[in-house]
1. Kindly indicate which of 72, 97, 119, 144 is over 17 Å from the mean Cα position of the chain (by Cα), in contact (Cβ under 8 Å) with a residue 12 or more places away in the chain, surrounded by 11 or more Cβ atoms within 10 Å (Cβ to Cβ) and not in a loop (DSSP other than H, G, I, E, B).
2. What residue, of 365, 321, 355, 281, is within 14 Å of ligand 1 (Cβ to nearest atom) and surrounded by fewer than 17 Cβ atoms within 10 Å (Cβ to Cβ)?
3. Quick check on residue 244: is it more than 30 Å from residue 47 (Cα to Cα), away from ligand 2 (no atom under 16 Å from the Cβ) and in contact (Cβ under 8 Å) with a residue 24 or more places away in the chain?
4. Against the condition under 42 Å from the mean Cα position of the chain (by Cα), away from ligand 1 (no atom under 14 Å from the Cβ) and closer than 10 Å to residue 303 by Cα, how does residue 347 come out, does it pass?
5. Looking at 303, 346, can you tell me which residue is touching a residue at least 60 places away in the same chain (Cβ under 8 Å), within 18 Å of residue 47 (Cβ to Cβ) and surrounded by 21 or more Cβ atoms within 10 Å (Cβ to Cβ)?
6. Which residues, counting only those in region 306-318, are more than 27 Å from residue 199 (Cα to Cα) and either more than 7 Å from ligand 1 (Cβ to nearest atom) or buried (at least 21 other Cβ atoms within 10 Å of the Cβ) (or both)?
7. Would you mind finding the one in 274, 321 that is over 30 Å from residue 79 (Cβ atoms) and either in contact with a helix residue (DSSP H, G or I) (Cβ under 6 Å, 6 or more places away or on another chain) or at pLDDT below 95 (or both)?
8. Being out of contact with any helix residue (DSSP H, G or I) (no Cβ under 6 Å at 6 or more places or on another chain) and either more than 16 Å from residue 36 (Cβ to Cβ) or part of a helix (DSSP H, G or I) (or both): is that true of residue 206 here?
Ligand SMILES: [Ca+2]
Ligand SMILES: [Ca+2]
């Protein structure tokens, strides 16, 4: 990614303080507020062997306009039941150059110039990226100028989603005005052909909140940051092994220490407290994260309303009559009793399909002919 697409980096500060017997005031832990932006990944279910199941990522930004974001979303397990679909692509980055000085035929001094200027040569750089499927149709970022979903590992277990409302130059695209509950983007996941014997059928979708470089939210107040520096304090004890002594005094007076040695504890002459800003943590008063999940359901046979493994016979008909007219239980899953494939399981139309097939020579349940009606 070129530099103009990068988010501003948080300056890494290092503070070193040498103090004797210092008393340190830490931040109060009591300043808890309601988070200013919330990101929520949906909890969804999908049947085995189904592709492109949409997983909505929604956002609440009640106070500020959202201008850009970067989220790193990871599965909490190997890609054994769910994967993000990825493709490896070759990308090309073309730059245009103007030569300022030649030594014979060789250019010895050149600068990058705009593509529509009088350039002397082109440099094309190629690099491999791993892309993932995503869907912005109908979402809050549908018109954004830059949306990209890459995978660092490339094995379908994680995605980095980057969105920037407005790139430099050209028309101005506004960000997401304050709102609640809108869909930011839909990522797409495939449920694999998971056997019904697999017990743990849920993959959690975790927003990685560990790395500053891969989790960013940019709002209209550009001073706002979701990261808080964490100070680590390291205390060591020292004894003086060589004093500078003023012998003109009576008794002689110790002026200063010229040589120190570290000790594990008392007696000591000085304490050294070193404070280093070593890492950043998410400021949960600014950004709230609700992780999501995808559960792979048990497989089923379409038309097998009673779940005995055989679709479309008299037992399924009896099950549907019981369900519709006598308050019997629904089929499990409900999709198994969608005999006419209209997306609604276990109703009078499905019963009619069963009656037609069993008693009147109609189309088989869940057949192409029945499902196309
Ligand atoms: Ca059956
Ligand atoms: Ca139906």
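1. 97
2. The conditions single out 321.
3. For residue 244, the condition - more than 30 Å from residue 47 (Cα to Cα), away from ligand 2 (no atom under 16 Å from the Cβ) and in contact (Cβ under 8 Å) with a residue 24 or more places away in the chain - is not met.
4. The answer is no for residue 347.
5. Criteria check complete, one pass: 303.
6. Within region 306-318, 312, 314, 316, 317, 318 meet the criteria.
7. Only one candidate qualifies: 274.
8. Spelling it out, residue 206 is indeed out of contact with any helix residue (DSSP H, G or I) (no Cβ under 6 Å at 6 or more places or on another chain) and either more than 16 Å from residue 36 (Cβ to Cβ) or part of a helix (DSSP H, G or I) (or both).
The values are calculated or read from the model by the stated rules, or taken from the named source; none is laboratory data. Only a predicted model underlies this, so the values are computations on that prediction, with no experimental measurement involved. Virtual Cβ from ideal backbone geometry, glycine too; neighbours counted across all protein chains shown.
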